[in-house]
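Novice: Starting off with a structure, shown below.
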């Protein structure tokens, strides 16, 4: 279980913004040992249905064009259509149950909701656990998580349905759902998101974690960084060439890494080597 101070989910971190993202009044945790967690009484959440996507206006709170948390600037996307990403999910529970989310709603750990740093509020997304194939649909109504290497913070119930409560994190794919009708007069039914990439390879292997240190047009520059990182980290580092619309790039990636905990440790080591913003890549 992540400590609330380390996890820095929306509700605590947004208090630092003085109402910029919706007037959240929840204080930051004061003790490193002050832990978030599941409800005191066990509940079977397997029967809780997915959030049902519908057309909604943007919330008045929680949607600034840009905002700063803990010295880092974030930008809210103008739209969610076509959005997808892979990365590491976390979850938050009883410590924040009943407190305000960034758009002024009350956080309910038994609801199918989530926090995201960039998606417009509200946005409906499908979240697929790449480690076991489980999937849920949740409604984004909060900002966060502001822990490095995390892309989405799920409610307790959503995390339970994805089978990630015990570990506290999961490798996931997040895909925005467009709830607008396909044509005029069509029923208000969410368009099903495109099928996600396979969660496991043909031999049953779980997707692996890499940390991307940079992408270079010059293969020589990429190779120099690869050698520096491999020497400094004593870990495998690869250079992946790829073609883009702007030309070829060479991506420098550390890994594979066998767990989220190791990825967090290696991220800290990369900071010491001058790589300020490693990017989590799930392959």
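Novice: Which condition number does residue 99 fail, the rest of (1) in contact with a strand residue (DSSP E or B) (Cβ under 7 Å, 6 or more places away or on another chain); (2) surrounded by fewer than 20 Cβ atoms within 10 Å (Cβ to Cβ) being met?
Specialist: Unmet for residue 99, out of (1) in contact with a strand residue (DSSP E or B) (Cβ under 7 Å, 6 or more places away or on another chain); (2) surrounded by fewer than 20 Cβ atoms within 10 Å (Cβ to Cβ): (1).
Novice: Next question, about the same structure. Counting only residues that are surrounded by 24 or more Cβ atoms within 10 Å (Cβ to Cβ) and touching a helix residue (DSSP H, G or I) at 6+ places or on another chain (Cβ under 8 Å), which one in region 114-135 is farthest from residue 37 (Cα to Cα)?
Specialist: 127
Novice: Ok, one more. Among the residues of region 262-281, count how many are part of a helix (DSSP H, G or I) and within 28 Å of residue 131 (Cβ to Cβ).
Specialist: Residues in region 262-281 being part of a helix (DSSP H, G or I) and within 28 Å of residue 131 (Cβ to Cβ): 10 in total.
Novice: Out of all the residues in region 82-102, is one or more assigned by TED's automatic domain parsing to the domain that holds residue 170, more than 28 Å from residue 210 (Cα to Cα), modelled with pLDDT of 95 or more and out of contact with any helix residue (DSSP H, G or I) (no Cβ under 9 Å at 6 or more places or on another chain)?
Specialist: No, every residue in region 82-102 fails to be assigned by TED's automatic domain parsing to the domain that holds residue 170, more than 28 Å from residue 210 (Cα to Cα), modelled with pLDDT of 95 or more and out of contact with any helix residue (DSSP H, G or I) (no Cβ under 9 Å at 6 or more places or on another chain).
Novice: Let me ask something additional. Quick one: what pairs do we get from region 248-269, first residue without any contact (Cβ under 8 Å) to a residue 12 or more places away in the chain, second surrounded by fewer than 18 Cβ atoms within 10 Å (Cβ to Cβ) and part of a strand (DSSP E or B), C-beta under 7 Å, 6+ apart or different chains?
Specialist: Between residues of region 248-269 that are without any contact (Cβ under 8 Å) to a residue 12 or more places away in the chain and residues that are surrounded by fewer than 18 Cβ atoms within 10 Å (Cβ to Cβ) and part of a strand (DSSP E or B), there is no close pair.
Novice: Limited to region 182-208, what total is found for residues that are at pLDDT 60 or above and touching a strand residue (DSSP E or B) at 6+ places or on another chain (Cβ under 6 Å)?
Specialist: Here the count works out to 2.
Novice: Give 77, 119 a once-over and let me know the one that is over 17 Å from residue 150 (Cβ atoms) and not assigned by TED's automatic domain parsing to the domain that holds residue 267.
Specialist: 77
Novice: In region 217-261, which residue that is part of a helix (DSSP H, G or I) and within 27 Å of residue 170 (Cα to Cα) is farthest from the chain's Cα centre (by Cα)?
Specialist: Here the answer is 230.
Novice: Would you point out which residue out of 171, 211 is assigned to a strand (DSSP E or B), closer than 14 Å to residue 88 by Cα, in contact with a helix residue (DSSP H, G or I) (Cβ under 7 Å, 6 or more places away or on another chain) and modelled with pLDDT of 95 or more?
Specialist: 211
Novice: So residue 179 fits all but one of (1) over 30 Å from residue 139 (Cβ atoms); (2) modelled with pLDDT under 95; (3) surrounded by 14 or more Cβ atoms within 10 Å (Cβ to Cβ); what number is the exception?
Specialist: Unmet for residue 179, out of (1) over 30 Å from residue 139 (Cβ atoms); (2) modelled with pLDDT under 95; (3) surrounded by 14 or more Cβ atoms within 10 Å (Cβ to Cβ): (1).
Novice: Testing residue 220 on (1) touching a strand residue (DSSP E or B) at 6+ places or on another chain (Cβ under 7 Å); (2) at pLDDT 95 or above; (3) farther than 30 Å from residue 134 by Cβ, one condition comes back false. Which one is that?
Specialist: (1)
The values are calculated or read from the model by the stated rules, or taken from the named source; none is laboratory data. Because the structure is a prediction, the values reported are computed rather than measured. Here the Cβ is made from the backbone with ideal geometry for all residues, glycine too, and neighbour counts use every protein chain on show.
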